[in-house]
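Asks: Provided herewith is a single structure, encoded as structure tokens, for subsequent inquiry.
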Amino acid sequence: MVSVSVTQHKQFIGGEWVESSGGETLEVLNPATGEAIAEVPSSTAEDVGRAVDAAKTAWAEWSAKTPKDRMELLLALADVIDEHAEELARLESLNVGKPWWVAKDEPPAMSDCLRFFAGAARNLEGKSAGEYVEGYTSLIRREPLGIVAGICPWNYPLYMAIWKIGPALAAGNVQIVKPAEQTPLTMLRFAELAQDVIPPGVLQVVTGDGIPAGDALVRHPDIRLVSLTGDTATGKIIAKNAADTVKRLHLELGGKAPMVVLDDADPKAVAEAVKIGGYFNSGQDCTASSRILVADGVYDAVMSETVSAVESLKVGDPAEADDVEMGPVISAEQQERVLGFLERLDAKATVVTGGGSVGDRGFFVQPTIVADVTQDAEIVQREVFGPVVTVQRFSSDDEAIELANGVRYGLAASVFSRDVSRALGAARKLAFGTVWINEHLFPLTSEMPHGGFKESGYGKDMSLYSMEEYTRVKHVVAKLG
């Protein structure tokens, strides 16, 4: 077996690359092979404290910067991504196991996001100043919060970090980012590439586990907002711990997205949407089309087309071929978790295709379809976060909406129908933050908000709505005369 070079990394604090105060490191694996590819610092609470101190120092100068200054920094960061797009995509593919067709499309979306918020920095608006009480003028200031933190997931490491960096810096905050312990490499490389354009302490990166590093960010009294993209269980813990300092939270949590297929839908179009929406990034997406709800009248046709489409997926190590369509899941633990759902299926459920692992190395799961599941089944109610899709049938549009809404999540959903009025009517009733019609998973665009309802969290990424997360509103009133 060819030996793999293990790269060594440091954390980015106060504009410098430093070791963990505890001297400990974490291994980073390639999920397609299970081999170690890097070591990163295991950041401590002391490291977080150092980053906060550096952020305070930076804030003194950064808080006086104009919107134009903030715009120019974000545009420079976007240029860095564009200039190194292929390198960042290849590194993301290696660290996360993403196929090339997935990884290569992320850097352009990241730089677009930064450019959107560069423009937004100069276009914050509010209520006009005026005399609402005789003899007094009132005006509204929209101000940055100060020091904010971003805790990022392992499925879109740099992409989700950019969703946090864009509005945070545009609004005038300074920020500390903690990438997921499994996938820190692209965020570290981005900081390295951009270090000459980032004022010391304005954007910092600490690495390591949720405890102690993430927990220290959540509990630190000088950090005024924590933005988390992660699972619902983690979000609940963070919400409890953040209550001690009454800090603001932005939580983009789990999902269990239904794809509602009405009886006039095109089965071929549905099958193609499931092939992408259900298995994109190995199904490791909070908005993945993990529940397919199909009308009786088109059930057989949809199943036939969908099974063929899913069985055609090319699964493998993305490093071995650019035409691989689906890679591994992120870790042995995640592989075991996904397969555990399949092992616990009740006797009524049917594994139509897939259901096992792939190969003798790496963390692969076969693209899987499970039919004949009941609404109360674990695999329907809980987020699997892997390449597993369940199929349920319904006999009326009202039943479809009831099934779709009958979970504790509310992040994303889709409706498939040739009748736009009918689809819009269904979209109105679906309790999800994003509803696509005749599409699933795409498009996402910087101008439109992304965020969920119910236990999928609260707050919005992207769009001008996300700027509200990172600002506070102050009323200033002046006595006239």
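The values are calculated or read from the model by the stated rules, or taken from the named source; none is laboratory data. The structure presented is a predicted model; accordingly, all values stated were derived computationally and were not measured. With ideal geometry, Cβ positions are generated from the backbone for all residues, glycine too; neighbour counts draw on all protein chains shown. Remember, those area values only see protein heavy atoms, side chains included, never the ligands or the DNA or RNA. Shrake-Rupley method; radii C 1.70, N 1.55, O 1.52, S 1.80 Å.
Asks: Just the number please: accessible area per residue for the chain, 1.4 Å probe, all protein chains included, in Å².
Replies: Details: 19420 Å² over 481 residues.
So the chain comes to 40 Å² accessible per residue, rounded to a whole number.
Asks: Determine which residues of region 443-481 fall in the zone a paramagnetic label at Asp222 would reach in this model, i.e. backbone nitrogen under 15 Å from the point 7 Å along Cα→Cβ.
Replies: none
Asks: For a test of the definition: using alpha carbon positions, the gyration tensor, and the 1.5 limit on a/c, classify region 100-249 as rounded, prolate or oblate. If you can, show how the numbers build up before the last one.
Replies: Details: a/c = 2.19, a/b = 1.42, b/c = 1.54.
Judged from the Cα gyration tensor, region 100-249 comes out oblate (a/c at least 1.5, b/c at or above a/b).
Asks: Keeping all protein chains in position, work out how much accessible area Asp296 exposes to a 1.4 Å probe, and write it in Å² to the nearest 10.
Replies: So the heavy atoms of Asp296 present about 70 Å² to solvent.
Asks: Expressed in nm to one decimal, what extension gain is obtained for the pair His475 and Asp105 from 0.36 nm per residue of sequence separation less their Cα-Cα distance? Provide the component values of the computation, followed by the final result.
Replies: Working: separation 370, 0.36 × 370 = 133.20 nm, distance 4.27 nm.
Extra length available between His475 and Asp105 comes to 128.9 nm.
Asks: How far is it, in nm, from the label point at Gln381 to the one at Asp346 when both lie 7 Å from their Cα along the line to the Cβ?
Replies: Going by the 7 Å Cα→Cβ label model, 1.0 nm.
Asks: Over the Cα atoms of the chain, each weighted equally, I'd like the Debye log10 I(q)/I(0) at q = 0.08, 0.13 Å⁻¹, rounded to two decimals.
Replies: Scattering profile of the chain, log10 relative to I(0): -0.49, -1.21.
Asks: Given an 8 Å cut-off on Cα distances and at least 6 residues of separation, report the relative contact order of the chain as a percent.
Replies: Working: 1116 pairs, mean separation 85.8, N = 481.
Reported as a whole number, the value is 18 percent.
Asks: For Glu86, Glu39, what's the largest-to-smallest order of accessible area, 1.4 Å probe?
Replies: Working: Glu86 115, Glu39 55 Å².
From most exposed to least exposed: Glu86, Glu39.
Asks: Same structure, new question: Apply the a/c threshold of 1.5 to the C-alpha gyration tensor of region 1-66 and tell me whether it is rounded, prolate or oblate.
Replies: Details: a/c = 3.78, a/b = 2.44, b/c = 1.55.
Prolate, since a/c reaches 1.5 and a/b exceeds b/c.
Asks: Run the reach check for Lys314 against lysines, Cα to Cα strictly under 26 Å, same-chain hits fewer than 8 apart removed. What comes back?
Replies: Lys98, Lys104, Lys256, Lys268, Lys275
Asks: Have a look at the DSSP beta bridges in the chain and tell me what percent are antiparallel, nearest 5. Kindly include the intermediate steps, with their values, before the conclusion.
Replies: Details: 30 of 70 bridges.
Just about 45 percent of them are antiparallel.
Asks: Does region 253-327 classify as rounded, prolate or oblate by the C-alpha gyration tensor (a ≥ b ≥ c root eigenvalues; a/c under 1.5 gives rounded; else a/b over b/c gives prolate, otherwise oblate)?
Replies: Working: a/c = 3.42, a/b = 1.52, b/c = 2.24.
It comes out oblate by the Cα gyration axes.
Asks: Quick one: if the Förster radius is 60 Å, what FRET efficiency do Val18 and Asp300 give, using the C-beta to C-beta distance and rounding to 0.05?
Replies: On the way: r = 61 Å, r/R0 = 1.02.
With R0 = 60 Å, the Cβ-Cβ based efficiency is 0.45.
Asks: For region 441-472, which GluC sites (Glu not before Pro) pass both filters: DSSP loop (anything but H, G, I, E, B) and at most 13 other C-beta atoms within 10 Å? Write out the running numbers ahead of the final one.
Replies: Working: sites: Glu447, Glu455, Glu468, Glu469; in loops: Glu447, Glu455.
Passing sites in region 441-472 are Glu447.
Asks: Calculate the spin-label point distance for Val246 paired with Glu46, positioning each point 7 Å from the Cα along the beta-carbon direction, and give it in nanometres.
Replies: 3.3 nm
Asks: Summing +1 for each Lys or Arg and -1 for each Asp or Glu, what net charge is found among the other residues whose Cβ lies under 14 Å from the Cβ of Thr390? Write down the numbers at each step before the final one.
Replies: Details: positive: Lys256, Arg291, Arg344, Lys348, Arg382, Arg393; negative: Asp346, Asp372, Asp376, Glu378, Glu383.
Value of the local net charge: +1.
Asks: Please find the FRET efficiency linking Thr353 to Lys268, where r is the Cβ-Cβ separation and R0 is fixed at 30 Å, and quote it to the nearest 0.05.
Replies: Values: r = 18 Å, r/R0 = 0.59.
Between Thr353 and Lys268 the formula returns 0.95.
Asks: Mind jotting down the distance between the C-alpha centroids of region 424-466 and region 9-44, whole Å?
Replies: 34 Å
Asks: Straight-line reach from Lys479: which lysines fall under 25 Å, measuring Cα to Cα and dropping same-chain residues less than 8 apart?
Replies: Lys127
Asks: Would you kindly calculate the translational diffusion coefficient of region 182-224, applying Stokes-Einstein with the Kirkwood radius from alpha carbon pairs, for 20 °C and a viscosity of 1.002 mPa s, and quote it in µm² s⁻¹ without decimals? If you can, show how the numbers build up before the last one.
Replies: Details: Rh = 11.8 Å.
The calculation lands on 181 µm²/s.
Asks: Let me ask something else. Using a Förster distance of 56 Å, how high is the FRET efficiency between Arg422 and Glu143, based on the Cβ-Cβ distance and rounded to 0.05? Before the final figure, lay out each step's value.
Replies: Values: r = 46 Å, r/R0 = 0.81.
Rounded to the nearest 0.05, the efficiency is 0.75.
Asks: How large a share of the accessible area of region 132-242, in percent, is made up of carbon and sulfur atoms when the probe is 1.4 Å and the other protein chains stay in place? Intermediate results must be reported in sequence, preceding the final value.
Replies: Details: 1830 of 3300 Å².
Ligands and nucleic acids excluded, carbon and sulfur reach 56 percent.
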